[in-house]
Amino acid sequence: MTDLTPREIVTELDRFIIGQKDAKRAVAVALRSRWRRKQLPDALREEVYPKNILMIGPTGVGKTEISRRLAKLAHAPFVKVEATKFTEVGYVGRDVEQIVRDLVDAAIVQTREQMREDVKARAHEQAENRVISAIAGTDARDQTREMFRRKLKAGELDTTMIEIEVTDHSNPMQGMDIPGQPGGMMNLGDLFGKAMGGRKVKKRVTVAESYELLIADEADKLLDDETVTKAAVESVEQNGIVFLDEIDKVCARQDARGGEVSREGVQRDLLPLIEGTTVSTKHGPIKTDHILFIASGAFHVAKPSDLLPELQGRLPIRVELRALTEEDFVRILTETDNALTRQYAALMGTEEVEVEFTEAGIKALARIAAEVNRSVENIGARRLYTVLERVFEELSFTAPDRAGDKVVIDEDFVEEHLGELSRSTDLSRYVL
Ligand SMILES: Nc1ncnc2c1ncn2[C@@H]1O[C@H](COP(=O)(O)OP(=O)(O)OP(=O)(O)O)[C@@H](O)[C@H]1O
């Protein structure tokens, strides 16, 4: 949950997404509505439903990106699903509930990560206190403790030997990290140790070594699976965001080639989730009432009015995203925090090759991307990825031999590496 105002949310999104003002405003309002809802008295709070959004726009113009960045801002669990997935043979109605289960899984990973960060700070503090007690004794005066704390922080005590008491993790499972949980703060050994009640052992180590042991020990006390799961479930119910892509592809009328699995059926299956239902998961029942749904589609053929009326009613906020222009591409290449030009320059930097883009070079890249989008297929900003990869192909390969070089990506460079290709539709269809 974030207490950013809509304006602040848009400003944050501006760092990563060019244009698409309406969509940014809409998601900002949806997020702020959640915060507002949180401020309400209990009885009223339960009555307020999320402001679900329907994003209408072509592929690759930022629909997913806006939603994903929003989720990140809000520390909200997020999943993206394609509505068409549920029209595939073998799917039956209940399978849409898997969306919620996936959301819970995402939330558990995210919550654990967040809690580990929180816990680390607290555990660090407690570990510090334990080290000081080990050196100065438990009944030392505050003044003495502070003196040791200063020395400790300055690293002056690193090699001092102390005796500490920690939970014994020595069992065959020790050292096996759970995938996705680096840092050794928790491993299977810890879990089993905990399950077995955790025997205490005394160890003689240096202060520097003791730190890691004590922090792990403290973190272990503060963070257990049950707490994580409980917080994750709460986070899904109150903060979860589901991005439902290709919703236009499950409109009945669009289905001219003869309906295989009923597309309207998928809408019917999705409806309860969006209206609010309870889904059972292995972590307990999950209420979907307050999960925010962002549905999205190009709506080239079908129209939003072709959606089931009930579904239309549950997606009250409509926003259109526009196709990106050459000028947008220039901005996407240069202005965003994660701009591709910055990424490539940094990557080449690791090989000690300095890369500089000239303004004309960037313009040429944007122009070619726009051209190929026109002549082959409009895949929006995604085109920039293939174009840049191609421009850098040779340099990427040879960079390790070129340490110390400076490469200027100007118009000539772009023309030399892309010009020919971009002018041949047949060729660019394959490589750009
Ligand atoms: N307006 C934009 N500003 C900056 N980057 C963008 C913008 N639009 C798209 N991109 C980049 O292009 C890529 C594809 O965008 P995104 O995933 O948001 O497409 P989309 O609109 O959701 O399309 P689809 O419906 O096909 O998934 C992302 O990596 C994103 O960073």
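The values are calculated or read from the model by the stated rules, or taken from the named source; none is laboratory data. Quick caveat: nothing in here was measured; it's all calculated off a predicted structure. All Cβ positions, even for glycine, are placed from backbone atoms using ideal geometry, and neighbour counts span all protein chains on display. SASA here: full protein model, heavy atoms, side chains in, ligands and nucleic acids out. Shrake-Rupley method; radii C 1.70, N 1.55, O 1.52, S 1.80 Å.
Structural remarks
- Inter-label distance for ALA323 and ASP95, nm, one decimal - labels placed 7 Å from Cα along Cα-to-Cβ: 3.4 nm
- On the beta carbon distance between THR138 and LYS282, with R0 = 30 Å, the FRET formula returns roughly 0.10.
- When the charge dipole of the chain is built from unit charges on Cβ atoms (+1 for Lys and Arg, -1 for Asp and Glu) and taken about the Cα centre, the candidate among PHE16, THR350, LEU315 whose Cα reaches farthest toward its positive end is LEU315.
- Taking Cα centre as origin and charging only the Cβ of basic (Lys, Arg, +1) and acidic (Asp, Glu, -1) residues, the dipole magnitude of the range 326-431 rounds to 440 debye.
- The chain: projected area of the alpha-carbon convex hull, averaged over directions, in nm²: 28.7 nm²
- Computed lengthening from LYS203 to TRP35, 0.36 nm per intervening residue step minus Cα-Cα distance: 55.7 nm
- Surface composition of the range 1-158: carbon plus sulfur atoms contribute 49% of the solvent-accessible area (1.4 Å probe, protein chains only, all chains present).
- Across the range 232-237, coupling constants 3J(HN,Hα) worked out from phi with the 6.51/-1.76/1.60 Karplus curve, θ = phi - 60°, read 5, 4, 4, 5, 5, 5 Hz, and Gly and Pro carry x.
- Between MET348, MET115, MET161, the Gaussian network model of the chain with springs among Cα atoms under 10 angstrom shows the greatest mean-square fluctuation at MET161.
- In the context of the full set of protein chains, the range 326-431 has a per residue accessible area of 55 Å² (1.4 Å probe).
- Using the Cβ-Cβ distance between VAL408 and LYS72 with R0 = 51 Å, the FRET efficiency computed as 1/(1 + (r/R0)^6) comes to roughly 0.90.
- Within a Gaussian network of the chain (alpha carbon springs, distance under 10 Å), most fluctuating of GLU310, GLU97, GLU156: GLU156
- Note, ³J(HN,Hα) from phi for the range 147-156, Karplus 6.51, -1.76, 1.60, rounded to Hz, x at Gly and Pro: 5, 5, 4, 5, 4, 4, 5, 7, x, 6
- A simple charge model with +1 on the Cβ of Lys and Arg, -1 on the Cβ of Asp and Glu and nothing else charged puts the dipole of the chain at about 1540 debye relative to its Cα centre.
- Zone of ASN338's modelled label, taken as backbone nitrogen in the range 389-410 under 18 Å from a point 7 Å along Cα→Cβ: 389
- For the range 326-431, the carbon plus sulfur part of the accessible surface works out to 47%, probe radius 1.4 Å.
- Gyration tensor verdict on the range 95-138 (Cα atoms; rounded if a/c is under 1.5, prolate if a/b is larger than b/c, oblate otherwise): prolate
- Measuring between alpha carbons in the structure, the pairs from LYS24/LYS72; LYS120/LYS153; LYS72/LYS120; LYS63/LYS303; LYS24/LYS282 lying more than 24 angstrom apart are LYS24/LYS282.
- With the simple model of a label 7 Å out from the Cα in the direction of the Cβ, THR350 to GLN238 spans 3.9 nm.
- Note on the chain: with a GNM built from Cα contacts shorter than 10 Å, the maximum mean-square fluctuation among LYS230, LYS363, LYS200 falls on LYS200.
- Cα-based convex hull volume of the range 312-432 per residue, rounded to whole Å³: 129 Å³
- Relative contact order of the chain, taken over Cα pairs closer than 8 Å and 6 or more residues apart, is 21 percent.
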